[in-house]
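Here's the structure, in structure tokens; my notes come after.
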Amino acid sequence: MLNPFAVARNVLGSLGLVLLVAGASAQAQELPKVRLFATGGTISGYADSRDMQYGYKPGTILPDKLLADIPEAAKVADLSYEDIAETGSGGINTAILLKLAKQVNAWLARPDTAGAVVTHGTATMEETAYFLNLVIHSDKPVVVVGAMRPFTSISRDGPFNLYNAIRVAADPEARKNGVMILLNEEIQAARDVTKTNTERVNTFETRDLGPIGFADEDRIVFYRHLLYRHTYKSEFDVDNLTDLPKVDICFGYQEGDRACIDGEVAAGAKGIVLDDSSPGNREAVKDARTKGVVFAQSDRKGSGRVLNSTRGEEAGVVTADNLNAQKSRMLLRLALTKTSDPKEIQRMFEEY
């Protein structure tokens, strides 16, 4: 004969388990949905010993392990991931950029998603972040994150950077800030920030303006908003593109001749960014302009604007405002998908 008290305990126990599972499921559904798009880099780098800062293999630690290493993040967001690439930042190419942009756009277009995080190597991180800033079609936050020390390192910085990036991507106050870069608890605007040191953890700086906010322990704080066009206000669309125009950079220095410009034109460049000036530039630019090549004038100092000038306008050279050469290249590539008119491209450099 069944003991009625035992039966009641079993029923109540089963009911409690069901309620517990249902409660956990409901809690997960209530958390903001954030997806990690992994491309590799130092943050997922593996080295044979814990004191190795160089000689590691980037992109070795897969995104599921990156997330498993920070279980605290599961209390912040309902997490998922996509493995876009497994490379160092020097291996990022047009195919990866377009794939990444399309996948992030598709994710953010869903009405139930909150934001996106992109793991990336630091050397070219600012280029990818600015590219995304120009082609993402959502006001939801996109946070690009990396590390200066590999995953296997003593005192690695990657896990805390990733945790904070997830916090920012899940925060509704982060909307309409465009694409951001987060390392060292600092939130930087993708358009303005640059890497300034080869190895220090505070390498990313916005020289003229400073961070837009901070990922502090108690809350995410923002102190300024962006006035230029980006993301959800951008005119650029790569959803149907399979390639981008070839744009290269020529560095200016004493006694520099025209070989760089001539070589890039011969190699098929549709645009060239002049990072400062060389003596041989003027005639080379003039000749290349007759072939339809578009030029943008940047500057190698790393801070300050390149001013509009009558001489530049007459030569058909676009000024890059305060964009560095690598970001100018990204904007010029996208501009050339729409027009080759220097005046119209100048308008884009002033707005973005």
State which entries of Lys176/Lys246; Lys270/Lys327; Lys246/Lys291; Lys33/Lys195 exceed 19 angstrom in Cα-Cα distance in the structure shown.
Lys176/Lys246; Lys33/Lys195
Computed from the mean reciprocal separation of all distinct C-alpha pairs, what Kirkwood hydrodynamic radius does the chain have, in Å?
21.8 Å
Across Tyr81, Tyr54, Tyr46, the residue with the highest GNM fluctuation in the chain (Cα network, 10 Å cutoff) is Tyr54
Below 13 Å, Cα to Cα, which aspartates and glutamates can Lys140 reach? Residues fewer than 8 away in the same chain don't count.
Asp112, Asp171, Glu173
What order do you get for 242-249, 134-141 when each peptide is scored by the mean count of other beta carbon atoms within 10 Å, highest first?
134-141, 242-249
Total formal charge among the other residues, if their Cβ is under 13 angstrom from that of Leu336, Lys/Arg +1 and Asp/Glu -1
+1
Rounded, prolate or oblate (a/c below 1.5 giving rounded, otherwise prolate when a/b exceeds b/c) for segment 65-179 by Cα gyration tensor:
oblate
If you average the C-alpha positions of segment 145-210 and of segment 49-122 separately, how far apart do those two centres end up, in angstrom?
13 Å
With all pairs of different alpha carbon atoms counted, what Kirkwood hydrodynamic radius in Å does segment 135-176 show?
11.5 Å
Cα gyration tensor of segment 247-351, axes a ≥ b ≥ c as square roots of the eigenvalues: rounded (a/c below 1.5), prolate (a/b > b/c) or oblate?
rounded
Partners for Lys99 among aspartates and glutamates (Cα-Cα distance below 18 Å; same-chain residues under 8 apart left out):
Glu82, Asp83, Glu86, Glu126, Glu127, Asp237, Asp239, Asp243
Using alpha carbons only: equivalent-ellipsoid semi-axes of segment 31-233, gyration tensor based, whole Å
23, 18, 17
Structure-based [θ]222 nm, the chain - -39500 (n - 2.57) summed over DSSP H runs of at least 4, per residue, nearest 500
-10000 deg cm²/dmol
Based on DSSP, what percent of beta bridges with both residues in the chain are antiparallel, to the nearest 5?
30 percent
Ranked by how many other beta carbons lie within 10 Å on average, peptides 327-336, 57-66, 285-294 from highest:
327-336, 57-66, 285-294
Counting only DSSP beta bridges fully inside segment 247-351, the antiparallel percentage to nearest 5 is 5 percent
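Computed from the coordinates by the stated procedures, all read-outs in this text should not be read as laboratory data. Quantities reported herein were computed from a predicted structural model and do not represent experimental measurements. Heads up, the Cβs are rebuilt from the backbone with ideal geometry, glycines too, and the neighbour counts pull from every protein chain shown.
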